[in-house]
Amino acid sequence: MKKEQNYNNESIKSLKGADRVRKRPGVIFGSDGLEGCEHSFFEILSNSIDEAREGFGKEIVVEKCEDGCIIVEDFGRGIPVGYNKLEKKYNWELIFCELYAGGKYNTNAAENYEYSLGLNGLGLCATQYSSEFMDVTIHRENKEYLLHFKKGENVGGLKETKTKETKTGTKISWKPDLEVFTDINIPISYFKDVLKRQAVVNSGILFKFKHKEKLNEFYYKEGIKDYVKEIAKDKALSKVVYFNAEKKGKDRKDKDEYKVKLSCAFCFSNSVKLIEYYHNSSWLEHGGSPEKALKQAFVSQIHSYLKQNGKYNKNENKISFVDVEESLIFVSSSFSTQTSYENQTKKAITNQFIYEAMLEFLKHNLEIYFIENPQEIEKISKQILINKRSREKAEKTRLNLKKMLVTNLDFANRIQKFVDCRSKDITKRELFIVEGDSALGACKQSRDANFQAIIPVRGKILNCLKSDYDKIFKNDIIKDLIKVLGCGVEVKNKFNKDFKTFKLEGLRWNKVIICTDADVDGFQIRTLILTMLYRLTPGLIEKGYVYLALSPLFEIITKEKRYFAYDEEEKISIIEQLEKEKKKYEINRSKGLGENEPDMMWHTTMCPETRRLVKVEPEQEEKTKEMFNLMLGENLQGRKDYISKFGINYIEKADVS
């Protein structure tokens with residue numbers, strides 16, 4: 001039966017009051033998750049910063065309480081709360097209960113808050129609406145005012161008390177509401193990071209952060225200049241340079257003129273890099289206009305120097321910003337009386353005039369700096385050319401590897417019974433070398449096909465220590481394994497026609513995992529595969545790419561759970577624990593890989609979180625070489641003597657379970 005459509009005139013509704021934020025927090029804060037909750041805190045902090053930057057109060061205190069409550073206190077003039085004749089409402093109602101109400105709409109006329117971080121009259125009200133509760137204490141004009149809000153509604157109106165104190169300022173305490181945000185547990189690291197950034201771009205203002213009786217203070221006397229020095233430490237390639245200027249202009253001819261204050265500090269380094277943009281003290285995570293200007297100015301000026309002074313090689317490509325960025329520590333801080341943010345979260349600005357002003361400002365000052373500091377630009381340009389040529393070489397290598405990988409993929413996919421994985425990311429790909437077709441089937445069903453590939457070894461592989469190279473390179477199993485590995489072999493021999501010289505970059509796998517049964521035959525096959533890798537591609541072992549997958553010897557089953565023991569000692573430990581807990585259990589000797597159920601195979605052998613891998617490491621290279629030669633080489637009498645002397649230690653103990 002078709003559902004009746006009741007979309008009519010009464011279907012259209014509007015959200016009112018606190019619901020405008022509580023029902024749709026993402027519209028104001030950019031997210032209804034933790035990021036949105038963090039931004040609600042920043043809105044309150046922004047108002048205190050604006051007040052301090054106007055010269056009212058030089059200290060801001062933030063506290064994170066253990067119950068999730070947040071406190072922001074400043075020592076500015078205190079929020080006006082009296083009756084507003086123009087709006088015919090009390091100012092506290094306008095500020096805390098009305099969206100788009102505030103004292104920062106006439107910044108261009110320098111009426112209040114000329115360079116303001118909070119602009120839209122949304123932040124304080126929206127944060128109040130989105131809180132479980134909010135308590136406000138305001139000191140101004142020898143009076144203390146108290147306000148209390150609960151879930152977006154005022155409770156009790158404005159309470160006023162006369163005081164003898166001359167103290168002024170605003171203290172706001174609130175708890176973000178879990179009914180509004182999906183996560184309100186703002187990490188301590190976020191508060192510290194934000195306050196440090198604000199101290200950087202608001203020189204002379206002290207920021208304090210309290211949590212669990214601990215106090216952190218953030219203060220930069222010379223602002224961004226001190227910050228760049230702190231980042232560079234003793235690793236600077238050039239001195240720290242500071243530029244500043246103030247300009248006036250328009251975004252469009254038909255728009256109003258506004259003021260922009262520009263400042264930047266930078267230096268070059270061959271070991272540290274950092275680029276950060278701030279506008280009206282807000283960190284522009286996505287940049288916008290300043291980022292666009294920076295890239296164009298630095299590339300243009302440095303390229304001009306390189307070209308004019310013959311630093312490029314013949315037919316060499318022009319530098320790109322990637323090459324400059326690799327060695328640049330740059331922080332810009334701009335302020336404007338009119339700002340166009342990408343959205344309320346203020347992570348990028350889009351003003352055309354700010355871009356034009358900053359581009360001209362940077363190009364002009366860089367030109368003068370290069371002329372006045374010839375030794376500095378000589379060092380800088382040399383490092384940037386090193387960055388450029390290293391990048392181009394790396395890109396060329398990547399392209400060659402990509403071509404090699406494609407060739408190897410086509411080659412490997414023609415190998416019988418090889419099962420590839422989907423991922424082409426070599427840092428994730430794993431190759432399982434398994435014992436026989438039955439193990440191939442079990443592994444194929446239980447693997448993660450995104451990054452795990454399988455190749456079966458049919459029967460016992462050739463002993464590469466007892467065999468000549470002509471025999472080795474005619475062996476189909478060995479040839480298939482080398483093809484799938486993709487890195488060639490470390491053998492230069494007339495019989496090695498099909499495989500190129502060994503290149504570790506050609507390896508198609510992050511891990512090469514030998515996976516055989518936990519029995520005598522399985523150990524022998526594992527040893528023969530290791531012997532092959534040891535003789536033909538020892539570089540894989542040396543660089544740590546070869547692993548052994550451990551298979552459990554015992555499966556111990558209780559009513560609630562299955563346990564896997566990888567040796568006799570672990571089996572005894574599990575049994576003792578179960579008997580202590582008075583649990584009934586059943587012990588089974590683990591089957592061969594081919595007989596395991598897919599979920600068991602995944603859990604015990606293939607899942608990265610639960611499997612057990614042993615990395616094959618060449619820690620005792622000479623001793624390993626001697627043992628391989630003794631046990632698998634031509635020294636028959638030596639092998640007999642060793643077995644006669646030590647064989648008793650390797651006799652498999654009877655299973656008495």
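The values are calculated or read from the model by the stated rules, or taken from the named source; none is laboratory data. Because the structure is predicted, anything quoted here is derived from the model rather than measured. Glycine also receives a Cβ, built like all others from the backbone with ideal geometry; neighbour counts cover every protein chain displayed.
Determine whether Val520 is in contact with a Leu (Cβ under 9 Å, 6 or more places away or on another chain) and β-branched (Val, Ile, Thr). Judged against the criteria, Val520 is not a match. Regarding Glu10, is this residue at pLDDT 85 or above and either under 24 Å from Gly152 (Cα atoms) or not in a loop (DSSP other than H, G, I, E, B) (or both)? Judged against the criteria, Glu10 is not a match. Determine whether Ala449 is part of a strand (DSSP E or B) and modelled with pLDDT of 85 or more. No, not satisfied. Would you confirm whether any residue within region 143-160 is at pLDDT 90 or above, touching a Ser or Thr at 6+ places or on another chain (Cβ under 6 Å) and either outside any strand (DSSP E or B) or not assigned by TED's automatic domain parsing to the domain that holds Ile49 (or both)? Checking region 143-160: not a single residue is at pLDDT 90 or above, touching a Ser or Thr at 6+ places or on another chain (Cβ under 6 Å) and either outside any strand (DSSP E or B) or not assigned by TED's automatic domain parsing to the domain that holds Ile49 (or both). Of Glu430, Glu435, all but one fail to be within 38 Å of the chain's Cα centre (by Cα) and either modelled with pLDDT of 85 or more or at negative phi (or both); the exception is Glu430. Would a scan of region 349-358 turn up a residue that is outside any helix (DSSP H, G or I), among the small types (Gly, Ala, Ser) and at negative phi? The answer is no, given that none of the residues of region 349-358 is outside any helix (DSSP H, G or I), among the small types (Gly, Ala, Ser) and at negative phi. Listed by position, the strands (runs of 3 or more DSSP E) enclosed by region 553-654 that each have at least 1 residues that are farther than 30 Å from Cys464 by Cα and modelled with pLDDT of 60 or more are 554-557, 562-565, 586-589.
Yes/no matrix, rows are residues, columns are (1) of a type in the set (Asp, Glu); (2) in a loop (DSSP other than H, G, I, E, B):
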position	(1), (2)
Gly26	no, no
Cys37	no, no
Ser40	no, no
Glu43	yes, no
Ala52	no, no
Phe56	no, yes
Ile71	no, no
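Note on region 508-524: among residues that are touching a Lys or Arg at 6+ places or on another chain (Cβ under 6 Å) and modelled with pLDDT of 90 or more, the one that is surrounded by the fewest Cβ atoms within 10 Å (Cβ to Cβ) is Asn510. Residues that are assigned to a loop (DSSP other than H, G, I, E, B), modelled with pLDDT of 85 or more and over 30 Å from Glu581 (Cβ atoms) do occur in region 532-542.
Scan region 362-377 for residues that are more than 35 Å from the chain's Cα centre (by Cα) and surrounded by 14 or more Cβ atoms within 10 Å (Cβ to Cβ) and the total you get is 5.
Here's the yes/no breakdown for (1) within 22 Å of Asp50 (Cβ to Cβ); (2) modelled with pLDDT of 95 or more; (3) buried (at least 16 other Cβ atoms within 10 Å of the Cβ):
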| residue | (1), (2), (3) |
| --- | --- |
| Tyr258 | yes, no, yes |
| Trp283 | yes, no, yes |
| Ser289 | yes, no, yes |
| Ala297 | no, yes, yes |
| His303 | no, yes, yes |
| Glu316 | no, no, no |
| Leu328 | no, yes, yes |
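Residue check: is Gly310 of a type in the set (Gly, Ala, Ser) and either in contact with a Phe, Trp or Tyr (Cβ under 9 Å, 6 or more places away or on another chain) or buried (at least 18 other Cβ atoms within 10 Å of the Cβ) (or both)? The answer is no for Gly310.
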